[in-house]
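The values are calculated or read from the model by the stated rules, or taken from the named source; none is laboratory data. The structure displayed is predicted, hence computed values, not measured ones. Here the Cβ positions follow ideal geometry from the backbone for every residue, glycine too, while neighbour counts run over all protein chains shown.
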Amino acid sequence: MTALGLVVVYCVERIAEAMRPELVGTARLDRTTLVGGGAFMIGWTDLSVAVGHLDDVLALTMVTLAVWALTANLPTIAGLCLGLSVDSKPWALVFLALILAVPAFMRRHVALWAGAVVAMAWLPFLVTGSCACGW
């Protein structure tokens, strides 16, 4: 789980480069990544090692990958990652607001993929729960 923290730092650096292309290859971005990544890894290590919450680690990693996919203009991957984030941890529903950051013509595509992934994961629980209740 700690290794996923390094993946998150890498993704955040790629997101920064996509949003601010003038920073690519500069010492400023390198220093910021080093200092910010070091501070981030202190908290991430506590989450992944001391507490050992795999579901939280997966939710945060998936939402980071979704943002990276959004900056790379990959709406299908963004929808899949958002859906997997929600599947990992229900509190990640708040991340679905990222769909509003997508350009209007891609918004439905991202929302459909995220919804399909969430539905596939939670449908068995809804079906067995409704059968047990007599619905």
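A few remarks follow.
- Contacts under 9 angstrom Cβ, first residue in region 22-42 being in the same structural domain as TYR10 (by TED's automatic domain parsing) and of a type outside the set (Phe, Trp, Tyr), partner surrounded by 10 or more Cβ atoms within 10 Å (Cβ to Cβ) and in a loop (DSSP other than H, G, I, E, B), 6 or more apart: LEU29/ARG20
- Looking across region 74-87, the residues that are in contact with a helix residue (DSSP H, G or I) (Cβ under 6 Å, 6 or more places away or on another chain) and either surrounded by fewer than 21 Cβ atoms within 10 Å (Cβ to Cβ) or touching a residue at least 40 places away in the same chain (Cβ under 8 Å) (or both) come down to THR76, ILE77, LEU80, ASP87.
- Yes/no for LEU112 being in contact (Cβ under 8 Å) with a residue 24 or more places away in the chain, of a type in the set (A, V, I, L, M, F, W, C) and buried (at least 17 other Cβ atoms within 10 Å of the Cβ): no
- Note on region 49-58: among residues that are over 16 Å from the mean Cα position of the chain (by Cα) and touching a residue at least 40 places away in the same chain (Cβ under 8 Å), the one that is nearest to VAL86 (Cα to Cα) is GLY52.
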